[in-house]
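Heads up, the thing below is written out as structure tokens.
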Amino acid sequence: MKFENSLFEERYNDYWNRTVVVLDTTIRNSSSDQNLFANRANVGELIKTYQQNVLNVLSNLDRQSLMFEDEEYVQKYRKNTIEQAREDLTFYANLFPEYKNISSEALKAIDKDTSLITDETRSFTYTK
């Protein structure tokens, strides 16, 4: 069975769009809202929820990947997911410096079980 253009891929895309994209939009919009204090207070929790949803996608994809014969496509899908999450989390760290440590922890969690660690990830490592 192939992953590309399958019901499985459609479900992953739907989950991503309903959860991760909605969270991303909410986080990004928090910086431009009129009541900055109230909205910014929730940003840390939103970033953590974003991370958890990305990890859900990656975990499920890893668990189910052996079912698919187009392994190369599955790995590309996984890599694209990780790269998008890195891009978003890096953006959040710059947009909300007060939550840079949360973005850094999220990046580390996403990279924990992957060989796709980059210098960009290391540059957001939180130190006291």
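Any residue at all in region 53-67 that's within 14 Å of GLU105 (Cα to Cα) and not charged (D, E, K, R)?
Looking for residues that are within 14 Å of GLU105 (Cα to Cα) and not charged (D, E, K, R), one finds at least one in region 53-67, hence yes.
Considering only region 70-105, how many residues are in contact with a Lys or Arg (Cβ under 6 Å, 6 or more places away or on another chain) and farther than 25 Å from VAL43 by Cβ?
Going through region 70-105 one residue at a time, the tally reaches 1.
Restricting to helices (runs of 4 or more DSSP H) lying wholly in region 1-112: which have 3 or more residues that are surrounded by fewer than 19 Cβ atoms within 10 Å (Cβ to Cβ) and acidic (Asp, Glu)?
7-15, 71-95
Values quoted throughout were computed directly from the atomic coordinates according to the rules given, and no laboratory measurement underlies them. Here the structure is a predicted model, which is why all the values come from computation and not from measurement. Ideal geometry is used to build each Cβ from the backbone, glycine not excepted, and the neighbour counts take in all protein chains shown.
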